[in-house]
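Encoded as structure tokens, the structure appears first; notes follow it.
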Amino acid sequence: MIKKKKLLILNGSHSEIPLIKSSKSLDFYVITTGNNPELIGHQYSDEYCFADYSDPETVLEVARNLNVDAVCSCSNDFGIMTASYISEKLGLPGHDAYETTKILHQKDLFKKFSMANDIPTPYAEGFDDIDKALAAINKRRFPLIIKPIDLSGGKGVSVVRSAKECPGTIQTAFSLSHSRRIVIEDFIKGSQHSFSTFIVNGRVVFYFSDNEYSYLNPFFVSTSAAPAVNVSEVADDLIQNIEKISKMLSLKDGIFHIQYLYSGKKAYILEITRRCSGDLYPYPVDYSTGLDWAGWIVRAEAGMDCSGFPAVSQKGFCGRHCIMSPKNGIIKNVIIDKQIEGNIYDKLIWLRKSYRINNYLTDKAGVVLLKYDSMDEMLDKTARIHQLIYMNVE
Ligand SMILES: Nc1ncnc2c1ncn2[C@@H]1O[C@H](COP(=O)(O)OP(=O)(O)OP(=O)(O)O)[C@@H](O)[C@H]1O
Ligand SMILES: [Mg+2]
């Protein structure tokens, strides 16, 4: 019997389920890691091994001991940093050099790189010293957005509208950042979107776009609807920038995902990630293209040949919605209105009646996958989503 190749996936939350399932379809023996064995995704892997995926040295030891053939990031920036670090140390394929991964995933390095190379992004300055950050505020125009350089999910992010709000928010961002670094960035008014692409030999061979929305936490995307309303205006420019970055940094084949803000005139690149996005992001991509999107992400991260990426384009109207609570408390029930029942083609719910919501700004009870007949229906129902799908908590 031929032994299966071992793939280490760096977490096992609901967000990694598409990666784990697709890896198994690609005939890998899948080992998940992460410091929470209770997460739902671990049920889908062949083996679980405890380690904190944000600690590259520990995960390197795990990868060595398990003698893995490849590593795949989880849906978190610490995951892609660790995946790239391990791959470099062990000579595994499928990831950019560690220094390159830092440039793309640490906000201060990405801003510096972008501004030096005319990549359209909101102006930002990076700081590793709190006094220098406070002093620099006087030269900037409000509103500004302050962020730790290495976190996700909007942790430690604040919008400031005057100098007196700065000391507290800057302090918070510094104290939460693992590397004690922050950026102070111009706040752009506009709509938010993502543009997920696949690169092969430095060329964009596929893209998928969507509109992104948040609920009570303004820094936390919880609903999406695809395609992006402005995709025809921004696609060429974004592709040109991706291919430019790819050439400059000699990027490996695989996912190249952008979050952008659209001001009405221009797309500003907010962030880039070279890992799978969370909350079942691959499923709307699959729905509108027929691809196994998570499967292609895994192939690339495992160093497999990606030259056969199929010629497909995004079709139809679809989305996903994370069910979140309006307050902390015990879940009484989850309500799905009749008006939207027919739009739901799949769902994964892991917190039900009598579970406790401890942090309503970040806790999710599940993800609902939606399809629509038209752009109008999609935009109308997405605008009313919190009246159509919600939970009662007491
Ligand atoms: N320059 C900006 N102007 C306006 N809004 C912004 C700006 N930067 C970020 N935001 C908003 O704040 C949110 C969080 O910012 P950002 O993506 O940089 O942080 P993050 O912690 O990495 O979050 P994520 O996990 O979504 O990547 C964004 O989704 C966006 O809504
Ligand atoms: Mg981010």
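Listing for the model above:
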{"quantity": "Test for ALA70: is it more than 23 Å from the chain's Cα centre (by Cα), touching a residue at least 40 places away in the same chain (Cβ under 8 Å) and surrounded by 22 or more Cβ atoms within 10 Å (Cβ to Cβ)", "calculated": "no"}
{"quantity": "Residue that is nearest to ligand 2 (Cβ to nearest atom), among those in the range 261-286 that are farther than 13 Å from THR197 by Cα and assigned to a strand (DSSP E or B)", "calculated": "GLU271"}
{"quantity": "Boolean, VAL30 is closer than 19 Å to ALA300 by Cβ and without any contact (Cβ under 8 Å) to a residue 40 or more places away in the chain", "calculated": "yes"}
{"quantity": "Residue in the range 225-241 that is within 16 Å of ligand 2 (Cβ to nearest atom) and either in a strand (DSSP E or B) or modelled with pLDDT of 95 or more (or both) present", "calculated": "no"}
{"quantity": "Residues satisfying the stated conditions in the range 62-105, i.e. within 16 Å of ligand 1 (Cβ to nearest atom) and either hydroxyl-bearing (Ser, Thr, Tyr) or not in a helix (DSSP H, G or I) (or both)", "calculated": "SER73, CYS74, SER75, ASN76, THR101"}
{"quantity": "Within the range 152-168, considering residues that are of a type in the set (Gly, Ala, Ser) and within 16 Å of ligand 2 (Cβ to nearest atom), the one farthest from SER15 (Cα to Cα)", "calculated": "SER158"}
{"quantity": "The range 136-150, residues that are in contact with a Lys or Arg (Cβ under 9 Å, 6 or more places away or on another chain) and either not basic (Lys, Arg) or not assigned by TED's automatic domain parsing to the domain that holds ILE170 (or both)", "calculated": "PHE142, PRO143, LEU144, PRO148, ILE149, ASP150"}
{"quantity": "Test: residue in the range 368-387 that is touching a Pro at 6+ places or on another chain (Cβ under 8 Å), aromatic (Phe, Trp, Tyr) and not assigned by TED's automatic domain parsing to the domain that holds GLU16", "calculated": "no"}
{"quantity": "ASN217 vs. criteria outside the structural domain of ASN76 (by TED's automatic domain parsing), within 16 Å of ligand 2 (Cβ to nearest atom) and either surrounded by fewer than 18 Cβ atoms within 10 Å (Cβ to Cβ) or acidic (Asp, Glu) (or both)", "calculated": "yes"}
{"quantity": "Members of the range 210-220 that are assigned to a strand (DSSP E or B) and either in contact with a helix residue (DSSP H, G or I) (Cβ under 7 Å, 6 or more places away or on another chain) or in contact (Cβ under 8 Å) with a residue 40 or more places away in the chain (or both)", "calculated": "ASP210, ASN211, GLU212, TYR213"}
{"quantity": "Filtered residue count, the range 1-26, keeping only those that are under 16 Å from the mean Cα position of the chain (by Cα), in a loop (DSSP other than H, G, I, E, B) and farther than 19 Å from LEU92 by Cα", "calculated": "2"}
{"quantity": "Close pairs from the range 151-164: first closer than 22 Å to ARG141 by Cα and not assigned by TED's automatic domain parsing to the domain that holds ASP55, partner within 16 Å of ligand 2 (Cβ to nearest atom) and assigned to a strand (DSSP E or B), Cβ under 6 Å, at least 6 apart", "calculated": "GLY156/PRO148; VAL157/LYS147; SER158/ILE146; VAL159/ILE145"}
{"quantity": "Residues satisfying the stated conditions in the range 142-168, i.e. of a type in the set (Val, Ile, Thr), closer than 29 Å to PRO56 by Cβ and more than 7 Å from ligand 1 (Cβ to nearest atom)", "calculated": "ILE146, ILE149"}
{"quantity": "Residues of the range 90-123 classified as within 16 Å of ligand 2 (Cβ to nearest atom), among the aromatic types (Phe, Trp, Tyr) and out of contact with any strand residue (DSSP E or B) (no Cβ under 9 Å at 6 or more places or on another chain), total", "calculated": "1"}
{"quantity": "Residue list for the range 240-267, restricted to those being without any contact (Cβ under 8 Å) to a residue 60 or more places away in the chain and among the aliphatic types (A, V, I, L, M)", "calculated": "ILE242, ILE255"}
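Here's the yes/no breakdown for (1) of a type in the set (A, V, I, L, M); (2) out of contact with any helix residue (DSSP H, G or I) (no Cβ under 8 Å at 6 or more places or on another chain); (3) at pLDDT 95 or above:
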position: PRO37; (1), (2), (3): no, yes, yes
position: ASP55; (1), (2), (3): no, no, yes
position: VAL62; (1), (2), (3): yes, yes, yes
position: ASP77; (1), (2), (3): no, no, yes
position: GLU88; (1), (2), (3): no, no, yes
position: THR101; (1), (2), (3): no, no, yes
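The values are calculated or read from the model by the stated rules, or taken from the named source; none is laboratory data. Because the structure is predicted, anything quoted here is derived from the model rather than measured. Cβ sites come from the backbone with ideal geometry, for glycine too, and all protein chains shown count toward neighbours.
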